[in-house]
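Right, one structure below, let's go through it.
What follows draws every value from the coordinates through simple rules; no lab data is involved. No experiment lies behind these values; they were computed from the predicted model shown. Cβ atoms come from the backbone with ideal geometry, glycine included; neighbour counts cover every protein chain shown.
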Amino acid sequence: MNVLMIGAGDIAKSHGRAVVKLGGKVFAAYDVNEAGLKRYAEEFGCEMLTYEQIEENVPRADYNKLFPLIFVYSAIYVDVDPIM
């Protein structure tokens, strides 16, 4: 399973570790905090994406995780209806 992680904080790290434990790979990640993104990329050996690169990388993912979940943002990138 190939996972694109949007957000690279503590919760995303927990989810990334679970992905790896299940035999998957976090292939890329994005976060507004560049230092946190760098640490995340080092731990998981994944690409560090810029905001502009997110949309073009979504098709590569089997699953998309958004941390924190922002409904409008998730509606754009994972085709879900926002719950409002």
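Data overview
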item: Selection count where residues are touching a strand residue (DSSP E or B) at 6+ places or on another chain (Cβ under 7 Å) and outside any strand (DSSP E or B), scope the range 3-53; result: 15
item: Inter-residue pairs, beta-carbon under 6 Å, first over 15 Å from MET48 (Cβ atoms) and in the range 2-13, second hydrophobic (A, V, I, L, M, F, W, C) and assigned to a loop (DSSP other than H, G, I, E, B), 6+ apart; result: ASN2/ALA61; ILE11/PHE67
item: When residues of the range 1-51 are limited to those that are in contact with a Gly (Cβ under 9 Å, 6 or more places away or on another chain) and among the polar types (S, T, N, Q), the one surrounded by the most Cβ atoms within 10 Å (Cβ to Cβ); result: ASN2
